[in-house]
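Some notes on the structure that comes next.
The values are calculated or read from the model by the stated rules, or taken from the named source; none is laboratory data. The structure displayed is predicted, hence computed values, not measured ones. Methodologically, a virtual Cβ is constructed for each residue, glycine included, from the backbone with ideal geometry; neighbour enumeration extends over all protein chains shown. The area values use the complete protein model at the heavy-atom level, side chains included, leaving out ligands, DNA and RNA. Shrake-Rupley method; radii C 1.70, N 1.55, O 1.52, S 1.80 Å.
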Amino acid sequence: MFKKILIANRGDVALRVLRACKEMDIQTVIVHSTADADSMPVRLADESVCIGPPAAGQSYLNIPNLVSAAAVTGCDAVHPGVGFLAENADFASIVQAHGLIFIGPEPEHIRQMGDKVQAKITAAKAGLPLVPGSPGAVDTIEEAQKLAVDIGFPLLVKAASGGGGRGMKVANSADELSEAFYSARSEAKAAFGDDTVYLERYLDNPRHIEVQVIADSHGNAVHLGERECSVQRRHQKLFEEAPSPAITPSQRKNIGQIAANATLEMGYLGVGTMEFLFQDDEFFFIEMNTRLQVEHPITEAITGIDLVREQICIAAGQSLPFKQENIQFEGHAIECRINAEHPETFAPTPGIVNFYHPSGGAGIRVDTVLYSGYRIPPYYDSLIAKLIVHGRDRQHALARLRLALQEFVIEPIPTTLELHKRLIDEPAIVSGDYSIKWLEKEFFTAGD
Ligand code: MV4
């Protein structure tokens, strides 16, 4: 097992990784920007190294500084956390080139899944069901027009380097195709420096359901069920639940087995998430995330598995301590993302938290670096806490969530807590009958 791990991240995920290390008796080195010098993970880690000024480009994304920090402190492994360099294949490969273990998949898998065209080709070979579309990249409008005849309208032109919906355009008919094609290309070029695009049939009202997979280096791959992530605004998830209220146990078993087999087929290592669109009782693979995800705690709640601990064990060469038949799903879990954002305008609200009081009691987990007096820096993303509740079933989880939201105090900063309090009384949330369009199209436009 590793002696010392460098945690190349900040905020709640840095604390999450730190806790797993402490539990496993592994020494920790936390890196931090000057803006995070007095953060909770810095205080709790065995050692800390300042890696630069507040701007992430000069600190948390500064590969030479991160690798130097690992070298001077004598670390044997690096955990990238969530975000920043977690899905940067060059970082993974540079870490390895310095004789350190990257706690994550192999760089080639990160690179492959970062290219959505390549990801779909790999996924198809591994037996995952795809959205009908072009077999690969589409280079010319003539080629797009030919392919569109078979795909049908409406269709989507998507950027190969895309993510977060950028470089994605709908064409409702043949005469909208050229406009969609060229505008997707130029948006992709501007955003990612890569104008490669591909085509897909447009699913008009899907759910976003993702399957957690985990694989070791000894030929074992297991799925840990799905997470329902349809409640989102501008590609930012706000509320996630496991299991999905939309699928049956046999659909779960089916898509889970397909995902686990694909993981094995790909030779993938570590934790990963296969993202699907789910419409009319059918799953369509769209992308794979090659990292731990923000919403991993809801999977931990229903499976009892510590995903960060397993990541570390896998990277250290150990075999998974469970097989598929040992995985039991217990009850229902929900995560609310608490962001330092205005609950109506979503403008960031950095500043000092004068008073902080988290929810507690049975079935409640709060992952956060907040404390009374903490200053939320303006330089990073606005997630400041994750509230995770677990109950014996969905209704019980919602009941616990309702009281947990009432107990939670973060003053005087406006946060998405207020939004969540309104959300949980919505008929669509209570019934579980919502799609990726619900929050933006129904909730935010209904009267207020
Ligand atoms: C789609 C789609 C409908 N049809 N693909 C958005 C970003 C991304 N990574 C994939 N996305 C979508 N792909 C087809 N063929 C609708 C979306 C989409 C979406 C997907 C997941 C979660 C939220 C979303 C919000 C808007 C659009």
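A probe of 1.4 angstrom, applied to the heavy atoms of all protein chains, finds Cys50 with accessible area near 70 square angstrom.
When all protein chains stay in place, what accessible area (Å², nearest 10, 1.4 Å probe) is found for His223? Its heavy atoms expose roughly 10 Å² to the probe.
In terms of accessible area, using a 1.4 Å probe and ignoring ligands and nucleic acids, Lys169, Lys120 rank largest first as Lys169, Lys120. For segment 168-295, the dipole from Cβ point charges (+1 on Lys and Arg, -1 on Asp and Glu) about the Cα centre works out to 300 debye, to the nearest 20.
Which entries of Lys116/Lys169; Lys237/Lys421; Lys169/Lys441; Lys158/Lys441; Lys169/Lys189 have Cα-Cα distances beyond 20 Å here? With Cα atoms farther than 20 Å apart: Lys158/Lys441.
Dipole magnitude for the chain: computed about the Cα centre from +1 point charges on Lys and Arg Cβ and -1 point charges on Asp and Glu Cβ, it is near 740 debye. With θ taken as phi - 60° and the Karplus curve 6.51 cos²θ - 1.76 cosθ + 1.60 applied, the whole-hertz 3J(HN,Hα) list for segment 77-91 is 8, 10, 9, x, x, 10, x, 6, 9, 4, 10, 9, 5, 5, 4 Hz, x standing for glycine and proline. About its Cα centre, the dipole of segment 132-201 is roughly 240 debye, where the only charges are +1 on Lys and Arg Cβ and -1 on Asp and Glu Cβ.
Projecting the Cα atoms of Ala148, Gly162, Phe181 onto the charge dipole of segment 132-201, computed from C-beta unit charges around the Cα centre, puts Gly162 farthest toward the positive end.
Ordering Phe278, Phe444 by how much accessible area each has at a 1.4 Å probe, largest first, what is the list? Intermediate results must be reported in sequence, preceding the final value.
On the way: Phe278 15, Phe444 55 Å².
Greatest to least solvent exposure: Phe444, Phe278.
By definition, a body whose alpha carbon gyration tensor gives a ≥ b ≥ c is rounded when a/c is under 1.5, and the chain falls into this rounded group. For segment 4-103, the C-alpha radius of gyration sits at 0.93 times the compact-globule guess of 2.2 N^0.38 Å, with N the residue count. Other residues within the sphere of radius under 12 Å centred on the Cβ of Ser435, judged by their own Cβ, net out at -3 (K and R +1, D and E -1).
Which aspartates and glutamates have a Cα lying under 17 Å from the Cα of Lys22, excluding residues fewer than 8 positions away in the same chain? Cross-link targets: Asp12, Asp46, Glu47, Asp76, Asp306, Glu310, Asp367. With θ taken as phi - 60° and the Karplus curve 6.51 cos²θ - 1.76 cosθ + 1.60 applied, the whole-hertz 3J(HN,Hα) list for segment 374-389 is 5, 9, 6, x, x, 8, 10, 5, 8, 5, 10, 7, 10, 9, 10, 10 Hz, x standing for glycine and proline. For Met40, the solvent-accessible surface with a 1.4 Å probe is about 50 Å², rounded to the nearest 10. Remark on Glu106: its backbone amide H falls under 5 Å from those of Leu269, a criterion applied only to residues 5 or more positions apart or on other chains, H modelled at 1.01 Å from N.
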